[in-house]
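For reference, the structure discussed in these notes is given below.
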Amino acid sequence: MTTLEKDPRHISVLLNELVDSIEIFSDRQNIVVDCTLWMAWHAGQIIQKMWEWDIFVGFDADGRNLKLAKQNLEKINTKTKIILIHSNFMHLKEELKKVWIESITGIYYDLGISSLHVDEADRWFSFKQDWPLDMRFDTSTWKTAAEVVNFSSKKELEDIFRYYWEDPSFRKIADRMLLRRKEKKFVTTKDLADFLDEILSFPKTKTRIFQALRIEVNKELEAVETSLPHAIELLQPDGNIFVISFHSLEDRITKKIMKKETRDCICSDLICSCHHTKSLKLHSKKPILPTSEEIEFNPRSRSAKARWATKL
Ligand SMILES: C[S@@+](CC[C@H](N)C(=O)[O-])C[C@H]1O[C@@H](n2cnc3c(N)ncnc32)[C@H](O)[C@@H]1O
């Protein structure tokens, strides 16, 4: 076995919990999918548990992160077949079909951004430096954050801030943004950060607004909502799904989708007309949280919550 050299810029969250949750079977071919590969630290640990006839598939929407993952995975001494897919995990089912995979034995998500997105000058996820206001994981898709703040209608801006940020001052932010962009468009992260400094009383709010824009730009919630039901459908009996979230809305969606799959009927009719049958066993109603030791070692892990379920 070869251990990967760790990059000090990124420490995997809930590493042991995730690796232990993804069972590697000895009586069948394992097909495990990592939906958010980045540095492939979680992936490296999983691959080292897999057999030579198994298949590991890694997704990342960010082509540059996928390249780094590839370099890291090449250092592992393994015979497991590794397939890397440059795509949003929203397209999980179609992308797997393209490589002839129609069922899997394990799948996991470590949602959100990588440290590279915050640290590299052209990734623009943070207001700590003056960067173009872009925020896309995949630079070939959707709108940039600048297009969202400069061209969305008042209602669209209000909806973004109300839904992703859940704060009553969403109207004020949208109103002021409209006035500001009439005088001068937002071009860089500093433009937006300076504007927010002028109108907000709490610095923490600025971080939440940047986060709301990032979630909107990358359609992050839609991706989770679309992908999780497909992942559950693709799982073979006894296969595991593990989802790490850093945002309460992502965790809420995960919880809702998993809970629905633990029930036999989801309609309220007197005589069931939905014919839904349960397909998952949840390992606990409460989310899995990092230990105090992990939080002390890696403070970024403090907002992580994971949910783990097994296919029936
Ligand atoms: C927190 S990092 C994953 C870290 C990784 N588990 C590790 O320990 O090395 C999240 C990664 O997922 C990617 N990502 C985020 N949303 C995605 C999506 N909807 N589809 C595919 N990749 C996504 C990001 O580009 C980033 O590289």
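Table: residues versus (1) part of a helix (DSSP H, G or I); (2) touching a strand residue (DSSP E or B) at 6+ places or on another chain (Cβ under 7 Å); (3) free of Cβ contacts under 8 Å to residues at least 40 places away in the same chain.
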{"residue": "Val19", "(1), (2), (3)": "yes, no, yes"}
{"residue": "Glu23", "(1), (2), (3)": "no, yes, no"}
{"residue": "Asp27", "(1), (2), (3)": "no, no, yes"}
{"residue": "Trp51", "(1), (2), (3)": "no, no, yes"}
{"residue": "Phe56", "(1), (2), (3)": "no, yes, yes"}
Task: Lys79, sole failed condition from (1) within 19 Å of Leu235 (Cα to Cα); (2) outside any helix (DSSP H, G or I) - done: (1)
Task: Near pairs, Cβ below 7 angstrom, 6+ apart or cross-chain, from region 31-48 (free of Cβ contacts under 8 Å to residues at least 60 places away in the same chain and outside any loop (DSSP other than H, G, I, E, B)) to any residue that is more than 9 Å from the ligand (Cβ to nearest atom) and of a type outside the set (A, V, I, L, M, F, W, C) - done: Ala43/Gly58; Ile47/Thr78; Ile47/Thr80
Task: Residues being within 8 Å of the ligand (Cβ to nearest atom) and either over 19 Å from Ile101 (Cβ atoms) or of a type outside the set (A, V, I, L, M) (or both) - total across region 62-80 - done: 2
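Considering every residue within region 182-200, establish whether at least one is at pLDDT below 85, not β-branched (Val, Ile, Thr) and not assigned by TED's automatic domain parsing to the domain that holds Thr254.
Going through region 182-200, the residues at pLDDT below 85 turn out to be 200.
With not β-branched (Val, Ile, Thr) added as a condition, the list becomes 200.
With not assigned by TED's automatic domain parsing to the domain that holds Thr254 added as a condition, the list becomes 200.
Taking every residue of region 182-200 in turn, at least one turns out to be at pLDDT below 85, not β-branched (Val, Ile, Thr) and not assigned by TED's automatic domain parsing to the domain that holds Thr254.
Output the residues belonging to region 158-177 that are within 23 Å of the chain's Cα centre (by Cα), surrounded by 18 or more Cβ atoms within 10 Å (Cβ to Cβ) and not hydroxyl-bearing (Ser, Thr, Tyr). First the steps, then the outcome.
We begin by selecting, within region 158-177, every residue within 23 Å of the chain's Cα centre (by Cα); these are 159-167.
Still in the running and surrounded by 18 or more Cβ atoms within 10 Å (Cβ to Cβ): 160-161, 164-165.
Selection gives Ile160, Phe161, Trp165.
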Open item on the list: Go through region 90-135 and report how many residues are modelled with pLDDT of 75 or more and not in a loop (DSSP other than H, G, I, E, B).
Closed with: 17
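Would you mind finding the one in Lys206, Lys172, Lys190, Lys185 that is out of contact with any helix residue (DSSP H, G or I) (no Cβ under 9 Å at 6 or more places or on another chain) and more than 16 Å from the ligand (Cβ to nearest atom)? If you could, list the steps in order and put the result at the bottom.
On the way: Lys206 fails: out of contact with any helix residue (DSSP H, G or I) (no Cβ under 9 Å at 6 or more places or on another chain); Lys172 fails: out of contact with any helix residue (DSSP H, G or I) (no Cβ under 9 Å at 6 or more places or on another chain); Lys185 fails: out of contact with any helix residue (DSSP H, G or I) (no Cβ under 9 Å at 6 or more places or on another chain).
Lys190 is the lone residue from the list that is out of contact with any helix residue (DSSP H, G or I) (no Cβ under 9 Å at 6 or more places or on another chain) and more than 16 Å from the ligand (Cβ to nearest atom).
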Open item on the list: One residue is enough: does region 152-167 have a residue meeting the conditions within 22 Å of Phe246 (Cα to Cα) and not in a helix (DSSP H, G or I)?
Closed with: yes
Task: Residues satisfying the stated conditions in region 186-205, i.e. out of contact with any Lys or Arg (no Cβ under 7 Å at 6 or more places or on another chain), under 18 Å from Tyr164 (Cβ atoms) and surrounded by 17 or more Cβ atoms within 10 Å (Cβ to Cβ) - done: Phe186, Thr189, Leu192
Open item on the list: One residue is enough: does region 291-302 have a residue meeting the conditions of a type in the set (Ser, Thr, Tyr), in a loop (DSSP other than H, G, I, E, B) and touching a residue at least 24 places away in the same chain (Cβ under 8 Å)?
Closed with: no
Task: Within region 178-223, tally of residues that are under 28 Å from the mean Cα position of the chain (by Cα) and either closer than 16 Å to Lys154 by Cα or among the basic types (Lys, Arg) (or both) - done: 11
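The values are calculated or read from the model by the stated rules, or taken from the named source; none is laboratory data. Everything quoted here is computed from the prediction, not taken from an experiment. Don't worry about glycine lacking a Cβ; one is built from the backbone with ideal geometry, like all the others, and counts go over all protein chains shown.
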